[in-house]
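The values are calculated or read from the model by the stated rules, or taken from the named source; none is laboratory data. Values in this document were obtained by computation on a predicted structure and should not be read as measured data. Positions of Cβ are backbone-derived with ideal geometry, glycine not excepted, and every protein chain shown enters the neighbour counts. These area figures cover heavy atoms from the full protein model, side chains too; ligands, DNA and RNA do not enter into them. Shrake-Rupley method; radii C 1.70, N 1.55, O 1.52, S 1.80 Å.
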Amino acid sequence: MAGCNSCEDVELQNRVKEKKENYCTFENSGKPTGLGAIKVVMAGQPNVGKSMLINALSGTNKGKVGNFSGVTVDSLEVCFEHHCHKFDLIDLPGTYSLEAFSQEEIVAKDFLLNEDYDVIINVVDSTNLERNLLLTTELLELNKKVVVALNMADEARSDGIDIDLAQFKKLLGVDAVIVSAKNKEGIDELLDTVHTVADNAREPNNLVYSDFLEEEIIKVEKFLSERGFSYKDLTNREVAIALLLKNEKVYKQIHENPIMVELFPLIQDALEHIYTHLETKDINEIKAIEHNGIARGVVLEVVNQKAQPKSLSLTQKIDSVLVHKLFGLPIFLLFMWLLFQATFEFGNLPMEYIDSAIGAFGDFIGGFISNDDIRSLVVDGIISGVGAVLLFLPNIIILYIGIALLETTGYMSRVAFLLDGFFHKFGLHGKSFIPLVTGFGCSVPAYMAARTLKSEKDRLITLFIIGFMSCGARLPIYVLFTGAFFSQSVAGNVLFLIYVSGAIFGLIMAKLLRVLVFRSKDEPFVMEMPKYRLPSFKLIWHTVYSNAKGYIKKAGTFILLASMFVWFASNYPKNSNLELTYQSKIEKTDSSEEKKSLALELKQKELEQSYLGQIGKATEPFFAPLGFDWRLSVALEAGLAAKEVVVSTLGVLYSIGEVDESSHSLKEIIAKELTLPVAVSFIVFVMLYLPCFAASMVFAKESGGFKYVVYLFVFTTTAAWVMSFIAYRVTLLL
Amino acid sequence: MELTKLSKGQKGVVKGLKASGALKQRLFSLGIVRGATIEVVDCSLSKATIEVKIGNTLVALRDSEAKDIEVEAQ
Ligand SMILES: Nc1nc2c(ncn2[C@@H]2O[C@H](COP(=O)(O)OP(=O)(O)OP(=O)(O)O)[C@@H](O)[C@H]2O)c(=O)[nH]1
Ligand SMILES: [Mg+2]
């Protein structure tokens, strides 16, 4: 790899330009070829700022940032140019150690051990160096090129933690740069260092083990050198360390070498010494003790920390309230209640304006279209369908602000801690809270987030009940129906109740699954509690903005097409006979009352014999015991594609059904056409039935097969049907 | 004695781990090894879950895990 640190070299610049398409075709093909690019992988413990750093390095927002362990659960590749050189950067999930524990840590470990790359950037949290160095030592023992990024420099500074960088580099024999991903400090320097390291030969590290181990290392090393042994690019000292610490890869590759005959007794002897010295034969414990020793030694020499960091003391103070024995849970419930109250109250403020704006827009556009059919397609199909979805954008935004706050402040892990005891009784793991609460936003990332659960059965149970946590796309349906049937003052509470009952139902189902299907031993609960951090406005803004953008985009594409489809399917086939019969009937009567009701009857008849009407009629018997007419049935079926489609379909169906187009809002029509028991039953069905198509695909991938989707379909449909039936009958009695 | 015996605010030195396999490894990588100092920061009502501090790290544990950590009170 040629050095390319300045852009003044014209010839080099041209070469770079020529090669450009080869460098990194991430944007075009979706997969970087990486030719000529420096391939860099980010490794570090969870929640140290790897994803934030990758964003800062690449100037993008691709990495998801949050203040708890296990935000990133899959590898993410980002390509960019710096000083006319391509970098191919890979963000990995955090891992406490290379002895991986949960799914997402295995992703990181597999990548680090088995993939090809040029340099590892080991991101460490400067305010918690000692524990972070436990992974650093493991990474150094991989004998790859490593650059340490001492991240969170800003926090270290305000905490009064001072790190002697020169001494740090010297002690470990590794390149290191002080950075702050948050303040974009040291970013250029880090890239330059990575570049230089990539261009030069690997330097052996300086790890010094405890005396008795060093003695053995030197013995083995001497033996290897005397025999003129050499293995790949490793020094004999590195080979000796690998052998003594039982590095499987090295063993596998040299066990057929004749030198092993003499080497074996030597190593056996050395290991015996080590075992007696440390009073354990567990090689992992030996490594842990050694790595701890190194970490403690380094910290003692390079870190100047006068008192307990301020941020940590503050965290403990906040914790004494938020995870209080008695008040912890009530405080959490209060926060949730406030969130749903706000979602309804503030979300509904602009609703009237949006609603009338959409109505006016429809009338305005409709005025330009003379063809009846096309006007109906545009006004009743597209604008009603898309409009019905867009109407709820403010509610969605508030919900996402709430979730973003939970994710970025550090409160998330606290709630997992608070709920663990409670969840445990229902056969769930406290950590399940994280995927479950993510499910209130969208089921897709929620299914992925379940990877942080170590036990396969815990994970499967969690996957099965994530759908009961109503996702953001179901929110519009709830807001629509609660707004139509409950007074403004209690609607927020009803909304809260809907979410809580979904969650409680999920817990009960978890217990059932645990007892009947996924029996297993309890999985340990060990979880780091991150420091509380005040999220930057930018971070919240970015999360909310990208989700809102996604919602609007979906409304403008998928929902638009679906609305057109629903419009066609509900207008065709045309039946001219029917029209003629009614036309003559209408002409015969004089009373305008009767004319109106006949016209309405015609519309209804036409709808019923349309394709959609036929489908609805065919499936009506299945839904009839729940009180749903064919329209609601069709809307639910359409909702299998995406939950937003439920509202857009209702929007189209009811707007076609309207005779006098005196701009009734969908809410008013629904309040007029349906009864309270039907509405309750509908809400319950929506709450519990299968998540959307996209989510089901991700579910299949995460659970390990399509057969699980079939199980999920049967499971959720049965649950939804039974619970709706009960809800319907009970409300009828009231 | 077991870590669960420490009361809130008390510190102890880790003497050994009774855990095995993945859990033991996890405790190691959080810095819970022989000789480390550990402090009980908080515990839930029934002591079912406790929060401890090792160095600058706060960790939550269930009491079944905490029982596996042998400490000597300081
Ligand atoms: N003050 C400060 N906070 C930072 C810095 N870098 C990251 N953070 C915060 O640290 C937290 C974790 O950041 P992430 O980028 O999600 O960490 P990660 O290492 O990718 O975490 P996982 O994906 O869970 O392994 C977030 O709350 C960030 O805002 C920094 O340089 N300074
Ligand atoms: Mg990350």
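Of all aspartates and glutamates in the structure, those lying under 15 Å Cα to Cα from A:Lys521, and not within fewer than 8 positions of it along the same chain, are A:Glu456, A:Asp458, B:Glu65. In chain A, the longest principal axis of the Cα atoms and the axis of helix A:283-302 are about 80 degrees apart. The B and A chains share an interface that buries close to 3300 Å² of accessible area, total over both sides, probe 1.4 Å. The relative contact order of chain A, computed from alpha carbon pairs under 8 Å that lie at least 6 residues apart in sequence, is 11 percent.
Taking 0.36 nm per residue of sequence separation and removing the Cα-Cα distance, the A:Lys603/A:Lys249 pair yields an extension gain of 120.0 nm. If R0 is taken as 22 Å, the Cβ-Cβ distance between B:Lys15 and B:Lys47 corresponds to a FRET efficiency of 0.60.
Accessible surface calculations at 1.4 Å, restricted to protein heavy atoms, place the range A:211-279 at 59 Å² per residue. With both labels modelled 7 Å from their Cα along Cα-to-Cβ, the B:Ser7 to A:Leu334 distance reads 2.8 nm.
Legend: calculated FRET efficiency, A:Asn61 to A:Ser225, from the Cβ-Cβ distance at R0 = 60 Å, rounded to 0.05, equals 0.70. Legend: calculated FRET efficiency, A:Glu352 to A:Thr196, from the Cβ-Cβ distance at R0 = 45 Å, rounded to 0.05, equals 0.15.
Surface composition of the range A:430-508: carbon and sulfur atoms hold 74% of the protein heavy-atom accessible area at a 1.4 Å probe. Just check the range A:491-542 against the gyration tensor rule for me: Cα atoms, a ≥ b ≥ c as the square roots of the eigenvalues, rounded for a/c under 1.5, and otherwise prolate or oblate depending on whether a/b exceeds b/c. Cα axes put the range A:491-542 in the oblate bin.
Relative to the Cα centre, what is the charge dipole magnitude of the protein assembly as shown, using +1 at the beta carbon of each Lys and Arg, -1 at the beta carbon of each Asp and Glu, and rounding to the nearest 20 debye?
1700
The average projected area of the protein assembly as shown, computed from the convex hull of its Cα atoms over all directions, is 41.4 nm². Within the range A:514-530, the residues that become at least 40 Å² less accessible when every protein chain is included than when their own chain is isolated (1.4 Å probe; DNA, RNA and ligands ignored) are A:Pro524, A:Phe525, A:Val526, A:Met529. Relative to the longest principal Cα axis of chain A, at what angle does helix A:260-278 sit, 0 to 90 degrees, rounded to 10? Rounded to the nearest ten degrees, it is 80.
For the range A:155-246, what class follows from the C-alpha gyration tensor (a ≥ b ≥ c being the square roots of its eigenvalues): rounded when a/c is under 1.5, otherwise prolate if a/b is larger than b/c, else oblate? Verdict is oblate for the range A:155-246. Approximating the spin labels as points 7 Å out from Cα along Cα→Cβ, the A:Leu142-to-A:Val208 distance works out to 2.6 nm. With contacts taken as Cα pairs under 8 Å and at least 6 residues apart, the range A:83-134 reaches a relative contact order of 26 percent. Kindly identify the range A:279-350 as rounded, prolate or oblate by the Cα gyration tensor criterion: order the square roots of the eigenvalues as a ≥ b ≥ c, call it rounded if a/c is under 1.5, otherwise compare a/b with b/c, prolate if a/b is larger, else oblate. Cα axes put the range A:279-350 in the prolate bin. Lysine pairs in the range A:211-279 whose alpha-carbon atoms fall under 18 angstrom of each other, counting only those eight or more residues apart or on distinct chains, come to 5. Multiplying the residue separation of A:Ile369 and A:Asp74 by 0.36 nm and subtracting their alpha-carbon distance yields 101.2 nm.
Rounded to the nearest 20 debye, the dipole size of chain B about its Cα centre is 100 debye, using +1 on the Cβ of Lys and Arg and -1 on the Cβ of Asp and Glu.
Ordering A:Phe518, A:Ala727, A:Val299 by Cα displacement along the dipole of the protein assembly as shown toward the positive end leaves A:Ala727 in first place; charges were set at the Cβ atoms of Lys, Arg (+1) and Asp, Glu (-1). What's the tally of Lys pairs in the range B:3-73 whose alpha-carbon atoms lie under 13 angstrom apart, where the two lysines are 8 or more places apart or on different chains? Close lysine pairs under the 13 Å cut-off: 9. Extension gain for A:Phe622-A:Glu272 works out to 118.8 nm (0.36 nm per residue, less the C-alpha to C-alpha distance). In degrees from 0 to 90, rounded to the nearest 10, what is the angle of the helix A:456-466 Cα long axis to the longest principal axis of chain A? Here the helix axis deviates by roughly 30 degrees. Would you mind telling me the share, in percent, of accessible area of the range B:3-73 contributed by carbon and sulfur at probe 1.4 angstrom? For the range B:3-73, the apolar C and S fraction of the accessible surface comes to 49 percent. In loop segments of the range A:549-640 as defined by DSSP, the trypsin sites (Lys or Arg not before Pro) with at most 16 further C-beta atoms inside 10 Å of their C-beta are A:Lys574.
Computed about the Cα centre, the dipole magnitude for the range A:583-721 is approximately 500 debye when only Lys and Arg (+1) and Asp and Glu (-1) carry charge, each at its Cβ.
In this label model, A:Gln614 and B:Lys67 are separated by 6.6 nm, measuring between points 7 Å along each Cα→Cβ vector. Karplus-derived 3J(HN,Hα) values for the range A:399-407, using 6.51 cos²θ - 1.76 cosθ + 1.60 with θ = phi - 60°, are 4, 5, 4, x, 5, 4, 5, 4, 6 Hz; glycine and proline are entered as x.
Residues of the range A:311-351 whose accessible area, computed with a 1.4 Å probe over protein heavy atoms, drops by at least 40 Å² once all protein chains are present relative to their chain alone are A:Leu312, A:Gln316, A:Lys325.
Ordering A:Ala153, A:Met260, A:Leu224 by Cα displacement along the dipole of the range A:141-282 toward the positive end leaves A:Met260 in first place; charges were set at the Cβ atoms of Lys, Arg (+1) and Asp, Glu (-1).
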